[in-house]
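Student: The structure that follows is given in the form of structure tokens.
The values are calculated or read from the model by the stated rules, or taken from the named source; none is laboratory data. Quantities reported herein were computed from a predicted structural model and do not represent experimental measurements. With ideal geometry, Cβ positions are generated from the backbone for all residues, glycine too; neighbour counts draw on all protein chains shown. With ligands, DNA and RNA removed, areas are computed over all heavy atoms of the protein, side chains included. Shrake-Rupley method; radii C 1.70, N 1.55, O 1.52, S 1.80 Å.
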Amino acid sequence: MTDQIVITEKTSQAKDVRAAVGGRYGAILPAEGHLFDLVEPEDVVPEWKRWSPILLRPDGLYGTKPASGGNKASKLQAIRAALKAARTVWLATDCDREGQLIGQEILEHLKYRGRVMRVIFTAQDPQTIRDAFARARPNTDYARLYAAAVARRQADQIYNLSLTRTATVTLARGARTVIGVGRVKTPTLAIVCKRENEIRDFVPQTYFEVVATADAAAGSFRMRHAPKERLLEREDAEAVAALAEGFEGPLSVKVEDKRQGPPRLHDLPSLQKLCGSRFGWSAARTLEVAQQLYDGEGKKVITYPRAETRYLPESLIPDVPRIVAGLRAGRAYGEVPVPDPAVIRRGAGGPFHDKGLAGASHHAVIPNANTVETLREVWPRLSADERKLFDVIARSYLAAMMPDFRYRQTTVTLDVRGHAFQASGRQPIELGWRAAFPNWTPADEKGEEAQLLPALRNGEATRLHDAQVEDKETRPPPRYNEGTLIDAMQNAWRFVADEALRDRLKEAKGIGTPATRAEIIRSLKAQEFLAVDGKHIVPTERGLSLHAILERADPALVDPGVTAQMERLLDEVLVGQQEMAGAIDAVCAQASRIIGRLKEGTPPLDPALLAGSSRKPGGDRAPTPAMRGFVESLARQKGLKTPQGYKTSGSACRAFLDEHAPKRPPGVVEGQDNPGQAPSQPGGAARSKKGAARRKATTAGTRARGEPGTAKRPSGGRKKAPPSEMAEGGTPLRIPFGNKDLALKLGARYRAGGWYAPPGLDISGFRDRGWV
């Protein structure tokens, strides 16, 4: 048996390593992600099996136990057997903090004491892997990377389980539900809920601007009066327009030559933000496509995708000519005018910045230098989505090696009896890096900003005419898509009010990690706290209720800024500014403070709050075929017209059925898509028992993980609105901005006093959404 072995993170990685180095470094054995989990609190202290509001911190650290599922047991057994004879272990797991933990925890649990070498590679082609083995370093050189991973994992277990149990015991007394708290998951939910509440509370405000055509010697152009102090009365705007009509005066013209450097290279969060906005991809989809480009069979055309920095080490400067030449050899990038030699920018303002990589285990995502010359062969094997993402990465790299964009900025001002009218224009002098993006126009160069101004001289006379008043309206902040949500998580300092703390947190990496943020969002969706509405991600009513409960109990539970501070302490372990125990202590101190606050006598919640509808706010699910068929059948039976839009609107169908369908008997679950469903078939009771057992097991698993739990949904039909709400004049409604169409479909009407439900209309659909 060989006296050395190689441990990889997964089977596909083992295959690539085997293809690169053969058996030169011994048998190559794959793990299957984490082969070990942390033990449960009750495995450490038996008394902790009973849930109570205490800090679940053991003496020392939580131990590990073999993980179950998949082929983990057989993979662990193979590694255990090989380690008995191995004198040297080559750890060739992923290059980040999680990869270090996956590999080293195997050796720690099995108490291996031989020689350990760490193999770090940021691309997965044969040459990169061979080079990585050749420059492998002792694993002890990566002690901080391992300590940072252990600190994060231990802190999360203590914080999440302690606060989930405390919140459940203190807030859900008597309710059969789990109130889940996650150190990262809960503030992520809060980010979306706060934005949704801002949108719902938003009241649009009408204001006015004045535009006019200006005639100068060399031509005409448009000027605008848009003061910072908005014109809120049309009469005021019309008075300014009257002053502007026919006004003559001298122009103030300011011309500046400016330059703009290329955008920074991409890390995973920036890719997820761009692909979410441009392609409508989820964060997980972006990572999935990037992973295929990184290690897919016959691909391997980009570097490690879970990047958390947008800089490159200066040691990669020699690769620039090869990557540029390889990209430009194909038709897609052959016309991108990268100069020879390419422009090399060092320091914080350029792509090559060694200091910017402090604390990072890998660099920005770029084309793989060792496979770029084979791109023409690889291209036919790429899917349409893979080509889209590679194009984003390739053009970003080419742009980074090109000259600045140079332009002439012209700003024109005219004082109309104390009212400033302005126009601006931008004339390119040298496209520079902008030539890498021929189909892209920035937002600030669209509309009037894109107008080509005639040649103008400072002080020359002009005359205004065709002055008009334009109606404007303020708009609410936009909803998040998964990409912009990840950007918000990465820049959690924006949610901090304290200026000094904001500045410190700008240097941190936000909440969560590039490798976990997509999974956090996916988990919140799976638990029905978040939902997808077109390209947007929105909170469900259950998510909003959970957020409100936790915010009322202790605002720190849902504060992204508080979590960002904890993240900063955990990241400091990596750069040696904090010891592992100190970082865990800090997270435990925060958890203890919150536990104390929750034990002070916070009133218990109403169990119904967490059993609310999980329908998308501001959205409308399409009806099932059964629901549409029942609407049509009922309309024929009763000689009624089918409701407008019922074929595409579940809400329209539901409102119609609530009003005209026979009331559901007790036991029929609210939200059942087919109100005409036949009674259960024989064996239904047995299936129900199995379902109940599965639900019980799921709840138990949820408790063990400390994730937000799923409350039982109340059964029974919609309650008819009480008579007091059907008084003459109708029931007043509070319809959030952007929900006009849905409100009308549900039967709402609008009058001078605002929205209302006409007398006799069932308002349960409005109550479900919190609009009554």
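Student: Residues of the range 376-397 being acidic (Asp, Glu) and more than 13 Å from Glu288 (Cα to Cα), which ones?
Tutor: Listed by number, the residues that qualify are Glu377, Asp391.
Student: Please work out if Trp48 is open to solvent by 10 Å² or more (accessible area, probe 1.4 Å), in contact with a helix residue (DSSP H, G or I) (Cβ under 9 Å, 6 or more places away or on another chain) and over 23 Å from Arg135 (Cβ atoms).
Tutor: Working: open to solvent by 10 Å² or more (accessible area, probe 1.4 Å): yes; in contact with a helix residue (DSSP H, G or I) (Cβ under 9 Å, 6 or more places away or on another chain): yes; over 23 Å from Arg135 (Cβ atoms): yes.
Yes, satisfied.
Student: Ala214 is checked against (1) outside any strand (DSSP E or B); (2) closer than 22 Å to Arg457 by Cα; (3) of a type in the set (Gly, Ala, Ser) and fails just one. What number does that condition carry?
Tutor: Only one criterion in (1) outside any strand (DSSP E or B); (2) closer than 22 Å to Arg457 by Cα; (3) of a type in the set (Gly, Ala, Ser) is unmet by Ala214, namely (1).
Student: Tell me, which residue of the range 334-353 that is under 28 Å from the mean Cα position of the chain (by Cα) and without any contact (Cβ under 8 Å) to a residue 60 or more places away in the chain is least open to solvent (accessible area, probe 1.4 Å)?
Tutor: Looking at the filtered set, the residue picked out is Phe352.
Student: For the range 457-467, indicate whether the set of residues that are farther than 21 Å from Leu557 by Cα, among the small types (Gly, Ala, Ser), free of Cβ contacts under 8 Å to residues at least 12 places away in the same chain and out of contact with any helix residue (DSSP H, G or I) (no Cβ under 7 Å at 6 or more places or on another chain) is non-empty.
Tutor: No, the conditions are met nowhere in the range 457-467.
Student: So, one more: Residues of the range 99-122 being outside any helix (DSSP H, G or I) and open to solvent by less than 10 Å² (accessible area, probe 1.4 Å), which ones?
Tutor: Arg118, Val119, Phe121
Student: Now a separate question. Just the residues that are assigned to a helix (DSSP H, G or I) and surrounded by fewer than 17 Cβ atoms within 10 Å (Cβ to Cβ), please, taken from the range 358-381.
Tutor: So in the range 358-381, the residues assigned to a helix (DSSP H, G or I) come out as 372-381.
Within the range 358-381, Glu373, Thr374, Arg376, Glu377, Trp379, Pro380, Arg381 qualify.
Student: Right, something else. State all residues of the range 751-772 that are open to solvent by 40 Å² or more (accessible area, probe 1.4 Å), under 18 Å from Arg200 (Cα atoms) and modelled with pLDDT under 75; if no residue qualifies, say none.
Tutor: Arg767, Asp768, Gly770, listed by residue number.
Student: Has the range 566-582 got any residue that is part of a loop (DSSP other than H, G, I, E, B) and within 22 Å of Ile520 (Cα to Cα)?
Tutor: Residues of the range 566-582 part of a loop (DSSP other than H, G, I, E, B): 575-579.
Next cut, within 22 Å of Ile520 (Cα to Cα) only: none.
So far as the range 566-582 goes, no, none of its residues is part of a loop (DSSP other than H, G, I, E, B) and within 22 Å of Ile520 (Cα to Cα).
Student: From (1) open to solvent by less than 30 Å² (accessible area, probe 1.4 Å); (2) under 24 Å from the mean Cα position of the chain (by Cα), pick out the condition that doesn't hold for Ile323.
Tutor: It is condition (2) that Ile323 fails.
Student: What residue, of Ala155, Ala136, is open to solvent by less than 40 Å² (accessible area, probe 1.4 Å) and closer than 27 Å to Ala526 by Cβ?
Tutor: Exactly one residue qualifies, and that residue is Ala155.
Student: Mind checking which residues of the range 582-602 are open to solvent by 40 Å² or more (accessible area, probe 1.4 Å) and without any contact (Cβ under 8 Å) to a residue 24 or more places away in the chain?
Tutor: Asp585, Ala589, Glu600, Gly601
Student: Now for a separate question. Against the conditions (1) assigned to a loop (DSSP other than H, G, I, E, B); (2) in contact (Cβ under 8 Å) with a residue 60 or more places away in the chain, where does Glu519 fall short? Just the number, please.
Tutor: (1)
Student: Then there is this: Filter the range 247-277 down to residues that are outside any strand (DSSP E or B) and of a type in the set (D, E, K, R) and give me whichever is least open to solvent (accessible area, probe 1.4 Å). Quick ask: steps written out before the conclusion?
Tutor: Restricting attention to the range 247-277, the residues satisfying the condition of being outside any strand (DSSP E or B) are 247, 251, 261-265, 267-277.
Now drop any that are not of a type in the set (D, E, K, R), which leaves 264, 267, 273.
On the way: Arg264: 124, Asp267: 4, Lys273: 79 Å².
Among those residues, the one meeting the criterion is Asp267.
Student: Restricting to the range 522-549, and then to whatever is among the charged types (D, E, K, R) and either part of a helix (DSSP H, G or I) or touching a Lys or Arg at 6+ places or on another chain (Cβ under 8 Å) (or both), can you tell me which residue is nearest to Asn491 (Cα to Cα)? Steps first, answer last, please.
Tutor: Of the range 522-549, the ones among the charged types (D, E, K, R) are 522, 525, 528, 533, 535, 541-542.
In the following step, the residues that additionally are either part of a helix (DSSP H, G or I) or touching a Lys or Arg at 6+ places or on another chain (Cβ under 8 Å) (or both) were identified as 522, 525, 528, 533, 541-542.
Values: Arg522: 20, Lys525: 22, Glu528: 25, Asp533: 24, Glu541: 26, Arg542: 26 Å.
Checked the range 522-549; the qualifying residue nearest to Asn491 (Cα to Cα) is Arg522.
Student: Here's a follow-up. List the number of the failed condition for Gly280; all other conditions in (1) part of a helix (DSSP H, G or I); (2) at pLDDT below 95 hold.
Tutor: Gly280 satisfies all of (1) part of a helix (DSSP H, G or I); (2) at pLDDT below 95 except (1).
Student: OK, next. I want to confirm something. Restricting to the range 76-129 and keeping residues that are charged (D, E, K, R) and over 31 Å from the mean Cα position of the chain (by Cα), which single residue is farthest from Pro313 (Cα to Cα)?
Tutor: Within the range 76-129, the subset charged (D, E, K, R) is 80, 84, 87, 94, 96-98, 105, 108, 111, 113, 115, 118, 125.
Still in the running and over 31 Å from the mean Cα position of the chain (by Cα): 80, 84, 87, 108, 111, 113, 115, 118.
Numbers: Arg80: 37, Lys84: 39, Arg87: 33, Glu108: 31, Lys111: 35, Arg113: 33, Arg115: 29, Arg118: 20 Å.
Checked the range 76-129; the qualifying residue farthest from Pro313 (Cα to Cα) is Lys84.
Student: Could you list, in sequence order, all residues of the range 283-320 that are assigned to a loop (DSSP other than H, G, I, E, B), under 13 Å from Pro351 (Cβ atoms) and open to solvent by 20 Å² or more (accessible area, probe 1.4 Å)?
Tutor: Those that are assigned to a loop (DSSP other than H, G, I, E, B), under 13 Å from Pro351 (Cβ atoms) and open to solvent by 20 Å² or more (accessible area, probe 1.4 Å): Arg310, Tyr311, Pro313.
Student: What tally of residues in the range 397-426 results from selecting those that are outside any strand (DSSP E or B), open to solvent by 10 Å² or more (accessible area, probe 1.4 Å) and not basic (Lys, Arg)?
Tutor: So the count comes out to 3.
Student: Out of all the residues in the range 479-496, which are free of Cβ contacts under 8 Å to residues at least 40 places away in the same chain and part of a loop (DSSP other than H, G, I, E, B)?
Tutor: Asn491
Student: So Arg331 fits all but one of (1) without any contact (Cβ under 8 Å) to a residue 40 or more places away in the chain; (2) part of a helix (DSSP H, G or I); what number is the exception?
Tutor: For Arg331, the failing item is (2).
Student: Residue check: is Leu161 open to solvent by less than 10 Å² (accessible area, probe 1.4 Å), under 19 Å from the mean Cα position of the chain (by Cα) and aliphatic (A, V, I, L, M)?
Tutor: The answer is no for Leu161.
Student: Hey, does the range 188-203 have a residue that's surrounded by fewer than 24 Cβ atoms within 10 Å (Cβ to Cβ) and part of a loop (DSSP other than H, G, I, E, B)?
Tutor: Checked the range 188-203: at least one residue is surrounded by fewer than 24 Cβ atoms within 10 Å (Cβ to Cβ) and part of a loop (DSSP other than H, G, I, E, B).
Student: What are the pairs, 6+ residues apart or on separate chains, where a residue within the range 527-538 that is open to solvent by 20 Å² or more (accessible area, probe 1.4 Å) has its Cβ under 9 Å from a residue that is assigned to a strand (DSSP E or B)?
Tutor: That search, which allows pairs on different chains as well, returns Val532/Val538.
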